[in-house]
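*Asks:* For reference, the structure I am asking about is given below.
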Amino acid sequence: MEAVLELKNINTYYGESQILRNLNFKVEKGAITTIMGRNGVGKTTLLKTLTGLLDPATGTISLRGEDITNEPSNKRAKKGIGYVPQGREIFPKLTVFENLKLGLQARRDNVKKVPEDEIYELFPVLGEMKKRMGGNLSGGQQQQLSIARALVGQPEVLLLDEPTEGIQPSIIDDIEAVLKKLKASGNFSIILVEQSLEFAREVTDNYIVLERGSVVLEGNSTDLSDAQLSNYLAF
Ligand SMILES: Nc1ncnc2c1ncn2[C@@H]1O[C@H](COP(=O)(O)OP(=O)(O)OP(=O)(O)O)[C@@H](O)[C@H]1O
Ligand SMILES: [Mg+2]
């Protein structure tokens, strides 16, 4: 397996409380890796540690073999780590198009123009609503905007934190189709945090399951059974 990202001995704390414990794993290039586990096990903390929003107390993170552990989050974004946070975090008082423009900050090639055709082909609804305020979109449309904004930055590794959480089924299907297209393009490695095994099964190549901040199960989707995985899930 060719690894795009590698974590060695990562321990992350909030103040005195240890959240991530001795994480060691590799993320396969060009594949979708899903991080699973119940509420509060540290999935978001893991993504924030990868983006540089949180500093691990120990350990190293390498991107394509380069140590990025001490790089701030804006530099990591420029190096190709795209982030779609849990709860979406779009700007409600900016239009859809203005939200998309913010994604340009992560571009390495300093292109100053949103690739609108590509984005609206993936998310037609954003083309229709480009002048609408972000805050006036439905939750599912905001989720699509958040993914689109990350894609404008042309990430090599895309981190998605529970993109289907609280989203209506028809938009979940759209997001599934987008993830499949991104994977098929061969230009992305994706780390997906997801609690729905049904959704994960549709798109995932590899699984990493966390419990209390430690990896308790990992493997590829053909090797792991539903029973093994749902052991560590809430439902
Ligand atoms: N800012 C913070 N300060 C202190 N503790 C925090 C903070 N954010 C999260 N935690 C704690 O860290 C632990 C892991 O939280 P995290 O958000 O990473 O879990 P999660 O797996 O993403 O959960 P969920 O599935 O609910 O999103 C939890 O016990 C949580 O209460
Ligand atoms: Mg979370």
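The values are calculated or read from the model by the stated rules, or taken from the named source; none is laboratory data. Predicted model only: the values in this text are computed from it and were never measured. So basically every Cβ, Gly included, is an ideal-geometry build from the backbone, and we count neighbours across all protein chains shown.
*Asks:* Consider K26 against the criteria (1) more than 7 Å from ligand 1 (Cβ to nearest atom); (2) free of Cβ contacts under 8 Å to residues at least 40 places away in the same chain; (3) outside any strand (DSSP E or B): it satisfies all of them except one. Which criterion is unmet?
*Replies:* Evaluating K26 over (1) more than 7 Å from ligand 1 (Cβ to nearest atom); (2) free of Cβ contacts under 8 Å to residues at least 40 places away in the same chain; (3) outside any strand (DSSP E or B) leaves (3) as the failure.
*Asks:* For segment 1-20, does any single residue satisfy the condition of being touching a residue at least 24 places away in the same chain (Cβ under 8 Å), in a helix (DSSP H, G or I) and among the polar types (S, T, N, Q)?
*Replies:* The answer is no, given that none of the residues of segment 1-20 is touching a residue at least 24 places away in the same chain (Cβ under 8 Å), in a helix (DSSP H, G or I) and among the polar types (S, T, N, Q).
*Asks:* Please go through segment 22-43 and pick out each residue that is surrounded by 21 or more Cβ atoms within 10 Å (Cβ to Cβ) and farther than 9 Å from N206 by Cβ. Steps first, please.
*Replies:* Step one: of segment 22-43, the residues surrounded by 21 or more Cβ atoms within 10 Å (Cβ to Cβ) are 23, 27, 32-37, 41-43.
Within segment 22-43, L23, I35, M36, G37, V41, G42, K43 qualify.
*Asks:* May I pose another question? Any idea which of (1) buried (at least 16 other Cβ atoms within 10 Å of the Cβ); (2) among the small types (G, A, S); (3) away from ligand 2 (no atom under 16 Å from the Cβ); (4) under 30 Å from R212 (Cα atoms) is the one A57 doesn't satisfy?
*Replies:* All conditions are met except number (1).
*Asks:* Could you go through segment 5-21 and let me know if any residue there is touching an Asp or Glu at 6+ places or on another chain (Cβ under 8 Å), more than 16 Å from ligand 1 (Cβ to nearest atom) and closer than 25 Å to P163 by Cβ.
*Replies:* No, segment 5-21 contains no residue that is touching an Asp or Glu at 6+ places or on another chain (Cβ under 8 Å), more than 16 Å from ligand 1 (Cβ to nearest atom) and closer than 25 Å to P163 by Cβ.
*Asks:* On to the next question. Test of understanding: among S62, S17, which residue is farther than 20 Å from E218 by Cβ and away from ligand 2 (no atom under 14 Å from the Cβ)?
*Replies:* Criteria check complete, one pass: S17.
*Asks:* Separate question: Name the single residue that is nearest to ligand 2 (Cβ to nearest atom) among those in segment 41-54 being assigned to a helix (DSSP H, G or I) and farther than 13 Å from R76 by Cα.
*Replies:* Selected residue: T44.
*Asks:* Criterion first (within 17 Å of the chain's Cα centre (by Cα), more than 19 Å from Q86 (Cα to Cα) and in a helix (DSSP H, G or I)) does L145 satisfy it?
*Replies:* no
*Asks:* Which helices (runs of 4 or more DSSP H) sit wholly inside segment 165-235 and have at least 1 residues that are within 15 Å of ligand 1 (Cβ to nearest atom), at pLDDT 95 or above and within 27 Å of R88 (Cβ to Cβ)? If you could, list the steps in order and put the result at the bottom.
*Replies:* Values: elements: 169-185, 197-203, 226-230.
Once the helices (runs of 4 or more DSSP H) in segment 165-235 are filtered for at least 1 residues that are within 15 Å of ligand 1 (Cβ to nearest atom), at pLDDT 95 or above and within 27 Å of R88 (Cβ to Cβ), what remains is 197-203.
*Asks:* Which one of the conditions (1) over 30 Å from N9 (Cβ atoms); (2) surrounded by fewer than 16 Cβ atoms within 10 Å (Cβ to Cβ) does I90 fail to meet, given that it meets all the rest?
*Replies:* The failed condition is (2).
*Asks:* Being farther than 19 Å from P155 by Cβ, more than 10 Å from ligand 1 (Cβ to nearest atom) and small (G, A, S) is the filter here; which residues of segment 36-64 pass it?
*Replies:* Within segment 36-64, A57, G59 qualify.
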